[in-house]
1. Scan region 33-45 and report the pairs whose first residue is over 18 Å from residue 73 (Cα atoms) and whose second residue is modelled with pLDDT under 95, with Cβ atoms within less than 6 Å and a gap of 6+ or a chain change.
2. All but one of (1) touching a strand residue (DSSP E or B) at 6+ places or on another chain (Cβ under 8 Å); (2) farther than 20 Å from residue 147 by Cβ; (3) part of a helix (DSSP H, G or I) hold for residue 21, so report the exception by its number.
3. Against the definition (at pLDDT 95 or above and touching a helix residue (DSSP H, G or I) at 6+ places or on another chain (Cβ under 7 Å)), how does residue 135 come out, yes or no?
4. Of all the residues that make up region 143-167, how many are farther than 15 Å from residue 83 by Cα, in contact with a strand residue (DSSP E or B) (Cβ under 8 Å, 6 or more places away or on another chain) and in a loop (DSSP other than H, G, I, E, B)?
5. Can you tell me which residue is modelled with the lowest pLDDT among those in region 1-22 that are out of contact with any helix residue (DSSP H, G or I) (no Cβ under 6 Å at 6 or more places or on another chain) and surrounded by 15 or more Cβ atoms within 10 Å (Cβ to Cβ)?
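The values are calculated or read from the model by the stated rules, or taken from the named source; none is laboratory data. Predicted model only: the values in this text are computed from it and were never measured. In this analysis, Cβ positions are derived from the backbone assuming ideal geometry, glycine residues included, and neighbour counts consider all displayed protein chains.
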């Protein structure tokens with residue numbers, strides 16, 4: 001039995017990067033906030049570059065709590081969506097060109113979202129990762145954490161529950 005020749009690594013990376021870029025660019029709020037995503041295999045890290053518009057308390061100064069919550073929610077939604085399309089992306093069933101043209105999958109809908117503010121977000125770049133604790137056909141549970149200089153010292157964490165889009 002002849003084995004299929006694997007695709008070159010560069011082609012696989014380009015396809016994955018194009019899919020993630022299309023997924024992220026499909027949400028204008030992510031662009032407005034300046035959030036980008038760094039992909040390593042199937043894991044994504046959200047990056048929120050510092051900007052003056054993100055400061056909520058200029059006296060401290062500290063990142064606005066709403067910005068922090070939005071950053072964590074965006075991280076959770078994109079991580080969940082990335083996991084949702086991963087299998088189709090890897091099998092070749094997902095048309096990346098159609099995705100880039102705007103034929104995006106429906107995003108999960110937030111059922112509830114709880115943020116724990118652990119310390120002030122300082123005026124510097126922030127990073128976040130989300131972990132899917134349960135993902136079924138209809139419901140998913142995700143935990144996210146944001147940090148700045150040290151991953152072991154998060155400044156906020158969140159727990160979220162999502163309604164998954166139907167496969168129509």
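1. Close Cβ pairs (under 6 Å, with a partner that is modelled with pLDDT under 95) amount to 42/86.
2. Status for residue 21: all satisfied but (1).
3. On the way: at pLDDT 95 or above: no; touching a helix residue (DSSP H, G or I) at 6+ places or on another chain (Cβ under 7 Å): yes.
Against the criterion (at pLDDT 95 or above and touching a helix residue (DSSP H, G or I) at 6+ places or on another chain (Cβ under 7 Å)), residue 135 does not qualify.
4. Matching residues across region 143-167 total 5.
5. Taking region 1-22 first, the residues out of contact with any helix residue (DSSP H, G or I) (no Cβ under 6 Å at 6 or more places or on another chain) are 1-14, 16-17, 20-21.
Okay, now just the ones that are also surrounded by 15 or more Cβ atoms within 10 Å (Cβ to Cβ), so 16, 20-21.
On the way: 16: 86, 20: 90, 21: 91.
In this case the residue turns out to be 16.
The rows are residues; the columns are (1) surrounded by 15 or more Cβ atoms within 10 Å (Cβ to Cβ); (2) within 27 Å of residue 11 (Cα to Cα); (3) touching a strand residue (DSSP E or B) at 6+ places or on another chain (Cβ under 7 Å); (4) touching a residue at least 40 places away in the same chain (Cβ under 8 Å).
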position	(1), (2), (3), (4)
69	yes, no, yes, yes
87	no, yes, no, no
104	yes, yes, no, yes
132	yes, no, yes, yes
